[in-house]
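The values are calculated or read from the model by the stated rules, or taken from the named source; none is laboratory data. Owing to the predicted nature of the structure, the values given are computational and were not obtained by experimental measurement. No Cβ is skipped: glycine too gets one built from the backbone with ideal geometry, and neighbour counts run over all protein chains shown.
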Amino acid sequence: MNQEELNNRLLEIRDKLIDIEHTTNNRIFLPCEAENNYDVCKFLFEDLPLRFVIVTGIDSDNCFEVLYHFSNDETGHVVTVKAFIRDRENPAIESISPFIPGAEWIEREVHDILGIEFKNHPNMRRLILSDDWPEGVYPLRKEVQK
Amino acid sequence: MWSLKKSVWVFHVNTGACNNCDIEIVNCLTPRYDIERFGIKLVGSPRHADALLVTGVVTRQAAPRLIDVYRQTPKPCVVFPIGACACDTGIFRGGYHVVGPVDKIIREEDPNAIIAFVPGCPPKPEAMISGVVKALSAI
């Protein structure tokens with residue numbers, strides 16, 4: 001799939017996105033609300049299809065951001081779905097592990113260190129924190145870092 | 001103490017290292033450096049060891065394991081923290097999972113432990129050999 005095709009196909013899900021940002025010549029950001037993230041990722045992974053790379057979690061100013069990175073290997077584009085979770089008290093997002101098993105571990109890691117709940121995740125156990133780490137303390141949250 | 005001056009058998013403990021120091025330790029055993037000619041031998045159990053080569057910052061998960069390994073080592077033994085992380089936690093200082101450095105954890109268990117530092121990121125095999133020689137000639 002070349003760049004033009006990719007740009008055209010991305011317009012099919014334009015109504016679920018806040019914006020389509022072409023920041024540099026090989027990065028595309030798709031900011032969206034957390035509720036639409038599942039559909040957008042499913043579209044990218046199953047309909048286009050793009051290769052799933054990794055998930056990043058960020059404790060942003062007044063919300064959490066979960067970034068799902070997908071790669072279009074033919075052109076070298078990285079398409080990033082940037083999902084905003086506005087609820088800081090009980091942050092939750094729909095898990096993409098049911099259709100991308102490769103995302104299982106990285107979602108567990110994001111849950112460990114940022115405390116974001118991934119709904120319908122098949123196996124949400126502790127992954128990287130030590131066994132004696134207290135429950136409910138998330139080390140990369142801003143209030144813990146201070 | 002005289003037992004430490006002949007053939008020193010070492011046990012290698014990784015307490016959260018990035019593997020670079022571990023590779024350099026293995027490098028000491030290759031034909032190029034061949035530390036077995038000095039009688040230094042890597043063994044598979046701390047119960048057979050005279051010295052511990054500890055790499056890594058000592059993470060929260062690894063600290064009790066390091067103490068277990070130290071308790072199992074016959075005394076007297078020498079602890080060698082290998083690399084910048086093991087000596088002083090290096091670039092990981094203040095990390096949420098870091099409880100090290102190595103000497104702090106060992107001293108909590110045994111205040112009179114013999115500890116000899118080999119800094120570097122990673123230390124060269126020459127540096128490790130020199131560290132072992134200096135430490136053993138000092139005791």
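General remarks:
- Residues in the range B:91-106 that are more than 14 Å from the chain's Cα centre (by Cα) and surrounded by fewer than 17 Cβ atoms within 10 Å (Cβ to Cβ): B:I91, B:R93, B:G94, B:G95, B:Y96.
- If the condition is being over 15 Å from the mean Cα position of the chain (by Cα) and either under 20 Å from A:R86 (Cα atoms) or away from chain B (no Cβ under 14 Å) (or both), then the range A:121-142 contributes A:P122, A:N123, A:M124, A:R125, A:E135, A:G136, A:V137, A:Y138, A:P139, A:L140, A:R141, A:K142.
- Residue in the range B:45-57 that is hydrophobic (A, V, I, L, M, F, W, C) and within 14 Å of chain A (Cβ to nearest Cβ) present: yes
- The sole residue among A:T80, A:T75 that is touching a Ser or Thr at 6+ places or on another chain (Cβ under 9 Å), away from chain B (no Cβ under 14 Å) and farther than 21 Å from B:G95 by Cβ is A:T80.
- Any pair with Cβ under 7 angstrom, 6 or more apart, that starts in the range A:115-131 at a residue that is under 25 Å from B:G16 (Cβ atoms) and ends at one that is in a loop (DSSP other than H, G, I, E, B) and among the basic types (K, R): A:G115/A:R141; A:S130/B:R60
- Residues of the range A:106-118 that are more than 14 Å from A:L67 (Cα to Cα) and under 13 Å from the mean Cα position of the chain (by Cα): A:R108, A:E117.
- Answer from A:C41, A:C32 - the residue that is touching a residue at least 40 places away in the same chain (Cβ under 8 Å), part of a helix (DSSP H, G or I) and under 23 Å from A:E4 (Cβ atoms): A:C41
- Checklist (1) touching a strand residue (DSSP E or B) at 6+ places or on another chain (Cβ under 7 Å); (2) over 29 Å from A:M1 (Cα atoms); (3) surrounded by 19 or more Cβ atoms within 10 Å (Cβ to Cβ) applied to A:D112, failing item: (1)
- Selection count where residues are assigned to a helix (DSSP H, G or I), touching a residue at least 12 places away in the same chain (Cβ under 8 Å) and not hydroxyl-bearing (S, T, Y), scope the range B:46-96: 17
- From B:T55, B:T59, residue being of a type in the set (S, T, Y), at pLDDT 90 or above, under 28 Å from A:W133 (Cβ atoms) and more than 14 Å from the chain's Cα centre (by Cα): B:T59
- Residues of the range A:58-77 that are more than 30 Å from A:E89 (Cβ to Cβ) and either touching a Lys or Arg at 6+ places or on another chain (Cβ under 7 Å) or without any contact (Cβ under 8 Å) to a residue 40 or more places away in the chain (or both): A:S71, A:D73.
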